[in-house]
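In what follows, a single structure is set out as structure tokens and then discussed.
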Amino acid sequence: QVQLVESGGGLVQAGYSLRLSCVASEHTFSNYHMGWFRQAPGKEREFVAAVSWSGGSQYYADSVKGRFTISRDNAKNTAYLQMDSLKPEDTAVYYCAAAKRGIPTVSAFFQRETYDYWGQGTQVTVSS
């Protein structure tokens, strides 16, 4: 069982920044692609960003492209989501997720079903 723990959420004003972290209890962290999803009250969990096992490929939802940056440090078993120019519509619980290598298509990175492990989530609230 791979455990994922998110941190870094909080309350910020629109236009400010926040960095989320996801620490994995797995010494072979590079075996996994990592993704970030978010879920607002009453809405389905939606894709935010993903990064391949090596960090060489990054994918973003159109709603966050140019504002958010996903990265990873395999030596620290940690994935990050740098969130700049935050908007009220970014308010949600943010979840990190891990997927085993072998994803067949790029589009699979955007699907919840692709991921094998999920964190508990961290709340991000952006005030107007």
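A short reminder: the numbers here are calculations on the coordinates, not readings from a lab. Remember, predicted model here, so these are calculated numbers, not experimental data. A quick note on method: Cβ atoms are made from the backbone with ideal geometry, for glycine too, and the neighbour counts reach across all protein chains shown.
Okay, here's what the table says:
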item: Dipole magnitude of the chain, debye to nearest 20 (Cβ charges: Lys/Arg +1, Asp/Glu -1, about Cα centre); result: 120 debye
item: Electrostatic dipole magnitude of segment 12-67 [Cβ: Lys, Arg +1; Asp, Glu -1; Cα centre; debye, to 20]; result: 180 debye
item: Residues of segment 45-70 with amide N under 17 Å of the 7 Å Cα→Cβ point at residue 113; result: 45-47
item: Rounded to whole Å, sorted largest first: equivalent-ellipsoid semi-axes of the chain, Cα gyration tensor; result: 23, 15, 13
item: Of 105, 28, 69, the one that fluctuates the most in a GNM where the chain has Cα springs shorter than 10 Å; result: 105
item: Anchor residue 76: lysines whose Cα lies under 28 Å away (excluding residues fewer than 8 positions away in-chain); result: 65, 100
item: Relative contact order computed over the chain (Cα-Cα under 8 Å; 6+ residues apart), in percent; result: 35 percent
item: Gained length - residue 39 relative to residue 62, 0.36 nm times residue gap less alpha-carbon distance; result: 6.7 nm
item: Size of charge dipole - segment 84-123 - debye, nearest 20, with Cβ of Lys, Arg +1 and Asp, Glu -1, no other charges; result: 200 debye
item: Most mobile listed residue (57, 107, 71) in the chain, GNM with C-alpha springs under 10 Å; result: 107
item: Nitroxide proxy distance, nm - points 7 Å out along Cα→Cβ at residue 26 and residue 84; result: 2.9 nm
item: Segment 71-128: trypsin sites (Lys or Arg not before Pro) falling in loop per DSSP and having at most 15 other Cβ within 10 Å; result: 101
